[in-house]
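Shown next, in structure tokens, is the structure this report addresses.
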Amino acid sequence: MFRLVDMPSEELGASAARKFDIEAWMPGRKLYGEVTSASNCTDYQARRLGIKYRDLKGVEKFAHTCNATAIATTRALIAVLETYQNVSYFAHCFSKRKGLIGLPHEIRKRMPENRSRTIKLRSVADINVDV
């Protein structure tokens, strides 16, 4: 589940004239979290970088630019994993058994065959770290 947010002016950076965020639902946090954003910076960045073009009449003008985050990887991963947790996951959390998370079909079909079914969860206690 996601939502598109047209950000209010007090949330805009100096360069942005308008900004949209896409937020994904994160069940564990019980809130939406930003996973990507895109801003219309008009000619703010172009003036500082000297990016110009000529219109059809030959008049030189500053280009308008956009600025965007492709994806906030960790937050997107949190949203996917928390959304697709199943009973095995909760069994893992509460009874120390290994759990499995079923991934959505759209993700599974793009994964290598030997990795397409489940992700095995590990608790912090399962990870050996030499200090």
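Structure values in brief
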read-out: In the stretch 1-92, the trypsin sites (Lys or Arg not before Pro) that fall in loop regions by DSSP, at most 15 other Cβ within 10 Å; value: Arg29, Lys30, Lys57
read-out: Distance (nanometres) between label positions extended 7 Å along Cα→Cβ at Tyr84 and Ala38; value: 2.4
read-out: Virtual paramagnetic centre 7 Å along Cα→Cβ of Arg110, amide N under 16 Å, in the stretch 31-47; value: 35-36
read-out: FRET efficiency, Cys66 to Lys30 (Cβ-Cβ, R0 22 Å, nearest 0.05); value: 0.10
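Laboratory data are not the source of any read-out in this text; all were calculated from the coordinates shown. Here the structure is a predicted model, which is why all the values come from computation and not from measurement. FYI the Cβ positions are ideal-geometry reconstructions off the backbone, even for glycines, and counts take in every protein chain you see.
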